[in-house]
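Visitor: Mind looking over this structure? Questions follow.
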Amino acid sequence: MIEIVLATDMSSHFAQIKTMKAMLSSPEGIDKTKAVCLIVHACDISHASKPWELHSRWTEGVLEEFFRQGDLEASMGLPYSPLCDRNTVHVADSQIGFIDFIVEPTMIICGEMLTRIIEPLVPLQSSDTFLPCDNSDSLLTSADVPQEHETFVFL
């Protein structure tokens with residue numbers, strides 16, 4: 001869980017993208033924890049894909065946080081961190097860069113990852129055989145599957 005939360009830190013963004021690209025080009029599977037980390041990170045930056053009112057509100061909040069950090073850095077005589085100088089950051093340009101270089105590539109990789117995870121399951125959806133999630137050895141037919149309150153994995 002800690003790894004997943006830490007994966008929302010932008011300092012790990014490019015490493016996550018690189019790792020997932022490598023996993024997608026590998027015949028081995030996709031590491032579940034890495035997949036969840038990327039999905040949670042994508043959710044964290046997904047405000048750019050939301051309706052304008054929501055995206056605008058998130059942008060203002062995030063930039064205000066950055067600007068306060070920049071104000072503190074300036075008061076301590078430190079150089080401004082990227083996007084933290086309220087006097088020089090152009091909001092529209094910063095958002096274009098964020099969307100073009102961070103959000104869009106992340107969503108593309110997530111789409112490829114989810115396709116790779118889900119595609120093998122599609123033919124199984126029409127299968128008439130199910131296995132209970134408790135991994136018991138007994139196979140059930142679709143007529144035996146309860147209609148409510150139990151989860152089954154399709155085989």
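The values are calculated or read from the model by the stated rules, or taken from the named source; none is laboratory data. Quick caveat: nothing in here was measured; it's all calculated off a predicted structure. Here the Cβ is made from the backbone with ideal geometry for all residues, glycine too, and neighbour counts use every protein chain on show.
Visitor: Examine segment 69-84 for a residue that is within 23 Å of Val5 (Cβ to Cβ) and assigned to a helix (DSSP H, G or I), and state whether such a residue exists.
Guide: yes
Visitor: Just a yes or no: is a residue in segment 122-143 modelled with pLDDT of 55 or more, surrounded by 13 or more Cβ atoms within 10 Å (Cβ to Cβ) and within 25 Å of the chain's Cα centre (by Cα)?
Guide: No, segment 122-143 contains no residue that is modelled with pLDDT of 55 or more, surrounded by 13 or more Cβ atoms within 10 Å (Cβ to Cβ) and within 25 Å of the chain's Cα centre (by Cα).
Visitor: Mind listing whichever residues of segment 11-48 are within 24 Å of Thr59 (Cα to Cα), touching a helix residue (DSSP H, G or I) at 6+ places or on another chain (Cβ under 8 Å) and of a type in the set (A, V, I, L, M, F, W, C)?
Guide: Ile17, Cys37, Leu38, Ile39, Val40, Ala42, Ile45, Ala48
Visitor: Looking only at segment 66-91, count how many residues are surrounded by 11 or more Cβ atoms within 10 Å (Cβ to Cβ) and under 24 Å from the mean Cα position of the chain (by Cα).
Guide: Counting residues in segment 66-91 that are surrounded by 11 or more Cβ atoms within 10 Å (Cβ to Cβ) and under 24 Å from the mean Cα position of the chain (by Cα) gives 3.
Visitor: Hey, another quick one. Can you name every residue in segment 46-68 that is part of a loop (DSSP other than H, G, I, E, B) and of a type in the set (Lys, Arg)?
Guide: Selection gives Lys50 alone.
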